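Structure first, then comments.
The values are calculated or read from the model by the stated rules, or taken from the named source; none is laboratory data. Keep in mind that what you see is a predicted model, and the values were worked out from it rather than measured. Cβ placement follows ideal geometry from the backbone for every residue including glycine, while neighbour counts extend to all protein chains displayed.
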Amino acid sequence: MAIREGRWDCSSCGQVNLGRFEQCRSCGIGRGSDVAFYLPSGEAAISDAELIADAQSGRDWHCDHCDNSNKGSAVRCTSCGNQRDGEDKEHDAARDVIMAPGEQKPKAERPKARPDRARRSTPAARTAHPMNTGGSKPTKMKSFVPWMIAAVVALVGILLVASFTVPFTAHGKVTDKSWQRSISIAQIKPFQDSGWHKPSDAYDVSSERKFRHYETVTVGYTTKTKTSTERYQSGTEIYVCGQQSMGNGYFQDRTCSRATYSTRPVTKTVQVPITEERPVYDTWYEYTQDRWVTARTRSSGGKDDDPYWAEYTLAPQGERVGGRREAYIVVTKIEDDIQELRLNQQDWNGYRVNDKLVLKTDFWGRVMSLELGKE
């Protein structure tokens, strides 16, 4: 199985180190029991024999006396010299991380100071390292930009709705008023029609049998041989399904097994229906039906205050009033803006030409309501 080298971050200075290094390459502090190894996504397998032997030397163990991390092959702590015993714990590989593409690496946490344990250090570790103050400070402005855009869009939406709903007071007058009324006279007339169904009030009905459509009818069955393919399990295969930590800065491939499939021809005998298309006949009707249609319209209109319906006469038989329509219009003027308003008759009766008005309009000047102004 392929072996890949991981990384670990120094909890003291944050330096990224290769899994093979027992001390930080920047500050020299040894990796302790707090270390967490991680394998970057796409890391290639190692081929160097010495590195492979190092990886196969066993899981790290942490000295119970000084907290130093030691190779699995070491019998004594390389920091304090204490011999390995049952109190020394192996590295907890469950803390190590296999990184997926785009995943953030684990955060290195600085361990709490313990007066009874000294971490191994080198002269380099005791050398002062100035804090890196380079780079630009992150700005919070970027995080506010989406909120600002959303707020502007919401404000524009509120203003647009308000422009149609919030009333503004305006003063004007009635410059004209008119009314219109109409009465439609319906006349019953015979219509010739035909179809597969006849209405209940149809008369002068004639009928005949006619072809309507074809239908598919099964008249028997025949036996046929059908060849197809089927998928079957032909074996199993071993494949790399991930990686797992070796507990010492290296990771090895993890293998899984899965079924393999092949296809083979299969011959089956099936019963196939024999069908034919047969014509279907039905009754076709020719008939006459009386229907009401608008024959004429009688209209009336004017600008006076006494609307009336136009006079009309109905034939003794075969005519009736089809419907009535009416409209009552008031023309208003607000400065140079003239608008026609349709009102119901009761409201329309309350206005006269030259009446002063108090109107409610929207932002665009459309009249929403009106009432008489005070003299």
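In the range 242-264, is there at least one residue being under 30 Å from Ile46 (Cβ atoms), of a type in the set (Asp, Glu) and either in contact with a helix residue (DSSP H, G or I) (Cβ under 7 Å, 6 or more places away or on another chain) or not assigned by TED's automatic domain parsing to the domain that holds Asp48 (or both)?
yes
Please enumerate the residues belonging to the range 78-91 that are of a type in the set (S, T, N, Q) and either surrounded by 14 or more Cβ atoms within 10 Å (Cβ to Cβ) or on the phi > 0 side of the Ramachandran plot (or both).
Thr78, Ser79, Asn82, listed by residue number.
Please identify the pairs in which a residue from the range 81-99 that is without any contact (Cβ under 8 Å) to a residue 40 or more places away in the chain has its Cβ atom under 7 Å from the Cβ atom of a residue that is surrounded by 15 or more Cβ atoms within 10 Å (Cβ to Cβ), counting only partners at least 6 apart or on another chain.
The qualifying pairs are Asn82/Cys63; Asn82/His65; Arg84/Trp61; Glu87/Asp64; Asp88/Trp61; Asp88/His62; Asp88/Cys63; Asp88/Asp64.
In the set Gln244, Gln233, Gln187, which member is under 30 Å from Val321 (Cα atoms) and at pLDDT 90 or above? Spell out how you get there, then give the answer.
Numbers: Gln244 fails: under 30 Å from Val321 (Cα atoms); Gln233 fails: under 30 Å from Val321 (Cα atoms).
The unique qualifying residue is Gln187.
For Thr122, state whether it is outside the structural domain of Gln15 (by TED's automatic domain parsing), outside any strand (DSSP E or B), modelled with pLDDT under 95 and not acidic (Asp, Glu).
Against the criterion (outside the structural domain of Gln15 (by TED's automatic domain parsing), outside any strand (DSSP E or B), modelled with pLDDT under 95 and not acidic (Asp, Glu)), Thr122 does not qualify.
Return the only residue of Arg254, Arg291 being under 30 Å from Ala53 (Cβ atoms) and of a type outside the set (Val, Ile, Thr).
Arg254
How many residues are closer than 30 Å to Asp355 by Cα and not in a loop (DSSP other than H, G, I, E, B) if we restrict to the range 151-173? Spell out how you get there, then give the answer.
At the first step, the residues of the range 151-173 found to be closer than 30 Å to Asp355 by Cα are 162-173.
Restricting the remaining residues to those that are not in a loop (DSSP other than H, G, I, E, B) gives 162-165, 168-173.
Adding up the residues that qualify gives 10.
Pick from Lys360, Lys356, Lys333: which is of a type in the set (Lys, Arg), exposed (fewer than 14 other Cβ atoms within 10 Å of the Cβ) and within 30 Å of His171 (Cα to Cα)?
After ruling out the rest, the residue left standing is Lys356.
Filter the range 131-149 for residues that are part of a helix (DSSP H, G or I) and either modelled with pLDDT of 90 or more or not small (Gly, Ala, Ser) (or both) and give the result.
Result: Met141, Lys142, Phe144, Val145, Pro146, Trp147, Met148, Ile149.
Scan the range 290-297 and tell me whether some residue there is farther than 22 Å from Lys177 by Cβ, of a type in the set (Phe, Trp, Tyr) and in contact (Cβ under 8 Å) with a residue 24 or more places away in the chain.
Of the range 290-297, the ones farther than 22 Å from Lys177 by Cβ are 290-297.
Adding the requirement that they be of a type in the set (Phe, Trp, Tyr) leaves 292.
If we keep only those that are in contact (Cβ under 8 Å) with a residue 24 or more places away in the chain too, we end up with 292.
Yes, the range 290-297 has at least one match.
Identify the residue in the range 212-228 that is more than 30 Å from Asp282 (Cα to Cα) and surrounded by 10 or more Cβ atoms within 10 Å (Cβ to Cβ) and, among all such residues, is nearest to the chain's Cα centre (by Cα).
Here is the first cut: in the range 212-228, the ones more than 30 Å from Asp282 (Cα to Cα) are 222-228.
Okay, now just the ones that are also surrounded by 10 or more Cβ atoms within 10 Å (Cβ to Cβ), so 224, 226.
On the way: Lys224: 50, Lys226: 46 Å.
Filtering first and then ranking leaves Lys226.
For the range 174-199, which residues satisfy the criterion of being assigned to a strand (DSSP E or B) and surrounded by 16 or more Cβ atoms within 10 Å (Cβ to Cβ)?
Val174, Lys177, Ser178, Trp179, Arg181, Ser182, Ile183, Ser184, Ile185, Ala186, Gln187
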